[in-house]
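The structure appears right after this line, and notes come after that.
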Amino acid sequence: MKGRLLAVNTGSTSTKIGFFEDGQKVFEQNISHSAREISVYASVLDQLDMRRTAITVFLEAKGIPLESIDIVMSRGGLITPIRTGVYEINDEMKAALREGKNGMHACCLCGLIAAEVCDMINEAKREKSMAADCKAYIADPPMADEMIPEAKLGGLPEFPRRTLFHALNSRAMVRRYAKSIGKTNRDVTVIVAHLGGGSSVSLHHRGDVIDCNDALGGDGPMSTERAGSVPGFPLVDKCFSGNYTRQQVRKRLAGRGGAIAYFDTNDFREIIAMADGGNIEAEVFIKAYCLSAAKYIGGIATTICGKVDAIILTGGVCHSSVITGHIIERVGFIAPVVIYPGEDELESLAENGYGILSGEFEVKEYNRERIIE
């Protein structure tokens with residue numbers, strides 16, 4: 001694999017970048033943004049210049065000339081639903097990221113930053129009389145939609161089921177598993193449970209993600225920061241109690257739900273330590289958390305009539321053998337369980353980027369009016 005690649009992944013309080021040369025990671029850096037630094041910006045989009053500058057200043061300090069970079073890979077944002085894969089960042093996509101029709105999150109900054117850095121790279125190349133051939137891409141955006149029609153239908157026509165999951169890491173883990181058994185992702189059917197700050201469970205069938213939950217929209221298992229699916233009537237009562245604003249209710253579901261709501265922490269190590277110390281509430285919560293994930297894994301298996309090759313457990317929470325052990329005990333009867341703890345979205349972006357450079361991966365064109373190709 002030849003080429004120099006810059007990977008960019010923006011989070012709510014951090015900008016992660018990775019620099020790769022000929023397929024090998026040269027360095028990875030997590031540029032932190034303090035709450036005070038973020039608080040001066042009225043909106044997420046207002047942070048664009050600050051974050052882009054942080055990246056270019058860091059590259060300069062590391063002695064990486066902009067003109068030496070061949071390709072920029074970005075985490076996808078909350079754009080209109082499209083198929084999985086890699087897409088060049090075009091004007092249509094930038095407009096959709098700025099519009100925020102499907103929500104505004106720090107991940108929406110990523111493609112905009114990547115495009116601007118790419119422009120700077122090409123300008124530097126022109127100044128050196130080099131071909132201005134750098135391009136910026138996203139890979140496997142979180143709203144990637146390949147769900148089968150019956151999986152999209154909800155109990156009310158005005159509330160269809162929406163896809164929003166950890167597509168980048170989940171697809172990378174399926175490719176990793178398939179490679180380990182001498183196959184490709186188009187040869188296997190795998191359930192991926194990504195368990196971290198948010199929890200998503202996705203069903204990957206011969207290269208397509210045919211079912212998954214809306215991990216940011218109140219659907220699916222609970223997580224360390226999100227409530228997951230909750231009973232409807234009590235939620236309606238809370239909304240109309242007059243005690244909460246719309247934003248407060250949304251924050252309760254995604255951001256202040258799950259483990260934070262019970263223990264005011266999103267660190268599962270602390271909750272496990274509580275349980276080990278005899279805290280019964282923590283012990284019950286751990287079992288409930290694992291049961292919640294297991295129920296969704298079991299439920300999504302029915303989409304494919306149980307014909308599953310493997311179940312993958314991934315995400316930060318899966319570093320805990322306590323958690324994975326409880327889940328395996330409940331879902332191991334469905335299929336063999338493989339554990340890939342943590343996530344490395346920068347590596348996943350690099351994998352996609354080198355797939356573009358080698359011609360292995362097809363580059364798709366984003367068109368926000370043509371929602372599903």
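What to note about this one:
- Members of segment 95-118 that are out of contact with any strand residue (DSSP E or B) (no Cβ under 9 Å at 6 or more places or on another chain), closer than 19 Å to H166 by Cα and open to solvent by less than 10 Å² (accessible area, probe 1.4 Å): L97
- The number of residues in segment 345-369 being in contact with a helix residue (DSSP H, G or I) (Cβ under 6 Å, 6 or more places away or on another chain) and either open to solvent by 70 Å² or more (accessible area, probe 1.4 Å) or acidic (D, E) (or both) comes to 1.
- Residue count, segment 80-93 (criterion: more than 20 Å from R162 (Cα to Cα) and either in contact with a Leu (Cβ under 6 Å, 6 or more places away or on another chain) or surrounded by 18 or more Cβ atoms within 10 Å (Cβ to Cβ) (or both)): 3
- A96 being in contact (Cβ under 8 Å) with a residue 60 or more places away in the chain, of a type outside the set (V, I, T), touching a Lys or Arg at 6+ places or on another chain (Cβ under 7 Å) and within 27 Å of S200 (Cα to Cα): yes
- Pairs meeting the criteria (first residue in segment 155-171 and at negative phi, second residue open to solvent by 80 Å² or more (accessible area, probe 1.4 Å), beta carbons under 9 Å, at least 6 apart or on different chains) are P160/L153; R161/L153; H166/E343; L168/E343; N169/E343.
- Test result for V192, buried (at least 17 other Cβ atoms within 10 Å of the Cβ), hydrophobic (A, V, I, L, M, F, W, C), modelled with pLDDT of 95 or more and in contact with a Phe, Trp or Tyr (Cβ under 8 Å, 6 or more places away or on another chain): no
- Every residue from segment 16-32 that is open to solvent by 20 Å² or more (accessible area, probe 1.4 Å) and either within 17 Å of Q47 (Cβ to Cβ) or free of Cβ contacts under 8 Å to residues at least 12 places away in the same chain (or both): K16, Q24, V26, N30, I31, S32
- Residue match in segment 331-343 (condition: surrounded by 19 or more Cβ atoms within 10 Å (Cβ to Cβ), over 21 Å from the mean Cα position of the chain (by Cα) and within 24 Å of R162 (Cβ to Cβ)): no
- Number of the condition not met by A139 [criteria: (1) more than 18 Å from Y296 (Cβ to Cβ); (2) in contact with a His (Cβ under 9 Å, 6 or more places away or on another chain); (3) crowded, with 20+ Cβ neighbours inside 10 Å]: (2)
- Any hit, segment 199-210, residues being assigned to a strand (DSSP E or B) and open to solvent by 40 Å² or more (accessible area, probe 1.4 Å): yes
- Screening I121 on (1) buried (at least 24 other Cβ atoms within 10 Å of the Cβ); (2) outside any helix (DSSP H, G or I); (3) over 22 Å from the mean Cα position of the chain (by Cα) shows it passes everything except condition (2).
- Here segment 148-177 is the region considered, the condition is being of a type in the set (A, V, I, L, M, F, W, C) and outside any helix (DSSP H, G or I), and the residue that is farthest from G355 (Cα to Cα) is L156.
- Considered as a group, the residues in segment 152-168 that are open to solvent by 10 Å² or more (accessible area, probe 1.4 Å) and of a type in the set (A, V, I, L, M) include one that is farthest from the chain's Cα centre (by Cα), and that residue is L156.
- Identity of the residue in segment 1-15, farther than 13 Å from V44 by Cβ and surrounded by 21 or more Cβ atoms within 10 Å (Cβ to Cβ), that ends up farthest from the chain's Cα centre (by Cα): L5
- Filtered by the rule that a residue be part of a helix (DSSP H, G or I) and more than 25 Å from P149 (Cβ to Cβ), segment 178-198 gives A178, K179, S180.
- Whichever residue in segment 65-79 is open to solvent by 20 Å² or more (accessible area, probe 1.4 Å) and either aromatic (F, W, Y) or in a loop (DSSP other than H, G, I, E, B) (or both) and, among such residues, is farthest from S348 (Cα to Cα): P65
- Of the set (1) touching an Asp or Glu at 6+ places or on another chain (Cβ under 6 Å); (2) under 26 Å from E150 (Cβ atoms), all apply to D214 but (1).
- Exactly one residue among R171, R186 is open to solvent by less than 50 Å² (accessible area, probe 1.4 Å) and of a type outside the set (D, E), and that residue is R171.
The values are calculated or read from the model by the stated rules, or taken from the named source; none is laboratory data. Treat the numbers as computed from the prediction; the structure is a model and nothing was measured. Please note: Cβ atoms are built from the backbone with ideal geometry, for glycine as well, and neighbour counts cover all protein chains shown. Surface accessibility is based on the protein's heavy atoms, side chains included, excluding ligands, DNA and RNA. Shrake-Rupley method; radii C 1.70, N 1.55, O 1.52, S 1.80 Å.
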